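The values are calculated or read from the model by the stated rules, or taken from the named source; none is laboratory data. In this text, all values refer to a predicted model and were calculated from it rather than measured experimentally. Glycine also receives a Cβ, built like all others from the backbone with ideal geometry; neighbour counts cover every protein chain displayed. These area figures cover heavy atoms from the full protein model, side chains too; ligands, DNA and RNA do not enter into them. Shrake-Rupley method; radii C 1.70, N 1.55, O 1.52, S 1.80 Å.
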Amino acid sequence: MNLYPLLRPLLFSLSPETAHHLSLNALDHAARLGVLKQTLPADPVTVMGIPFPNRVGLAAGLDKDGAHIDGLAAMGFGFIEIGTVTPKPQPGNPQPRLFRLPAHGALINRFGFNNQGVANLVSNVQRSQFVKNGGIVGINIGKNATTPIDRANDDYLMALEASYAHAHYVTINISSPNTQNLRSLQQDDALEALLAGLKDKQQRLADQHGRYVPLALKIAPDLDDLQVDAIASAVRRHHFDAVIATNTTLERAAVMGDPHAGETGGLSGKPVFEKSTAVLAALHQKLAGELPLIGVGGIASGTEAVAKRNAGADLVQIYTGLIYQGPALIREVGDALVQYQRQQHRPAI
Ligand SMILES: Cc1cc2nc3c(=O)[nH]c(=O)nc-3n(C[C@H](O)[C@H](O)[C@H](O)COP(=O)(O)O)c2cc1C
């Protein structure tokens, strides 16, 4: 039974951050009691060398510390991306830092990587029953706010080293708008040095652990064609394993006039769909299937998920749509993608 339409008015009467914590704790309880169990239709696919049970993932940022993996997994996701986690714990920005724009099916957040550090996240992953049962977890890593941007690579290397053995894949997040100058790492020389250092570290860690853990790069939607081209060339040259497109946007055109449109932070949900899908399509064109792509940004129904597949995504992720629609959206997206897959393989008559 879909209870979310009943629960949503209650949750939306609370502050967004309070509702966030309450929902995650309630999910954990429900999953432990076995009253929450949603199963998606099987849609197996191997991406980055990893066998996924279906193509629908949770996007990073909802479970920054990996403290709610089992509750989230009970909703049927084929994979869960936790983080962004930084080497050291940090409080993030002062509250309020999360805002609802219900008229637009959108959120604005300026959390600023509030998290309890990578060591704590690793111990949470180790405790997760989902992980013990072979469930797929990606760990999304970032830099501490106090680390100067010209030392950012050290933070990524540290976080990669600490998380490597516990992840199915690791995401390098250089696209959050809420950490000063982070997005400058998407530019030529900085990107070059970062990717080279990470690939070198990945090779060493693969030798050390006897296991290759793929690296995905997560990029912003606020990039022009030339920037997308440069990123595509760099990930290809450095043999990155995937690109995740995209993070939240700084643009406000689509939400002008909303009481919260002026809040600083990243805008997510329906208004980011077009930009995010355009960046995905441009990447796909440039990379011509050489690298898998994960499409995220503004999926609010099966239709947008299918559009991401058409634009070149092998897998999709959702966040904001889940806040507005609850677990039924995961199922709807899963069903739509199975249907899409069947149509692709239907013989022509
Ligand atoms: C409240 C909130 C916090 C987020 N935190 C992170 C984060 O820590 N790391 C990250 O890579 N993306 C983060 N994101 C971005 C999402 O993972 C996703 O890329 C973006 O919201 C677009 O997808 P959506 O429209 O389905 O929400 C966050 C998004 C929201 C709404």
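Observations on the structure shown:
- Among 117, 269, 289, the largest mean-square fluctuation in a Gaussian network model of the chain, built with springs joining Cα atoms closer than 10 Å, belongs to 289.
- Pair-distance profile P(r), taking every C-alpha pair of the stretch 245-349, with 5 angstrom steps and integer %: 2, 13, 21, 20, 19, 13, 7, 3, 1, 1, 0
- Charges were assigned to the Cβ only: +1 to each Lys and Arg, -1 to each Asp and Glu. The resulting dipole of the stretch 1-87 about its Cα centre is roughly 200 debye.
- For the chain, the 222 nm mean residue ellipticity estimated from helices alone, with every DSSP H stretch of n ≥ 4 adding -39500 (n - 2.57) and the total spread over all residues, rounds to -12500 deg cm²/dmol.
- Longest DSSP-loop-exposure-free segment, trypsin sites (Lys or Arg not before Pro), the chain, at most 14 other Cβ within 10 Å: 38-210
- Projected onto planes of every orientation and averaged, the convex hull of the alpha-carbon atoms in the stretch 1-102 covers 8.5 nm².
- Rounded if a/c under 1.5, otherwise prolate or oblate - the stretch 156-293, Cα gyration tensor axes: prolate
- At 1.002 mPa s and 20 °C, Stokes D of the stretch 10-62 from Kirkwood alpha-carbon radius, µm² per second: 156
- Taking 1.002 mPa s as the viscosity and 20 °C as the temperature, the Stokes-Einstein diffusion coefficient of the chain based on its alpha-carbon Kirkwood radius rounds to 107 µm²/s.
- Across the chain, the longest piece that holds none of the GluC sites (Glu not before Pro) lying in DSSP loops with up to 14 other C-beta atoms within 10 Å covers 1-250.
- Overall Cα dimensions of the stretch 97-188, principal axis frame, Å, largest first: 39, 38, 24
- Whole-number percent relative contact order across the chain, with pairs defined as alpha carbons under 8 Å at least 6 apart: 17
- A 1.4 Å probe run over the protein chains yields, for the chain, 43 Å² of accessible area per residue, whole-number rounding.
- Rounded if a/c under 1.5, otherwise prolate or oblate - the stretch 203-267, Cα gyration tensor axes: oblate
- Fraction of accessible area attributable to carbon and sulfur, the chain (%, probe 1.4 Å): 55
- The length gained on full extension between residue 328 and residue 187, counted as 0.36 nm times the residue separation minus their Cα-Cα distance, comes to 46.9 nm.
- Cα lying deepest toward the dipole's positive end in the stretch 1-98, options 9, 23, 54, charges on Cβ: 9
- Choice from 168, 209, 20 with maximal GNM fluctuation in the chain (Cα, 10 Å cutoff): 209
- Euclidean distance of C-alpha centroids, the stretch 41-62 and the stretch 226-242, integer Å: 22
- Across 23, 163, 276, mean-square fluctuation computed from a Gaussian network of the chain (C-alpha pairs under 10 Å connected) peaks at 23.
- Each Lys or Arg adds one and each Asp or Glu subtracts one; over the other residues with Cβ under 10 Å from the Cβ of residue 254, this totals 0.
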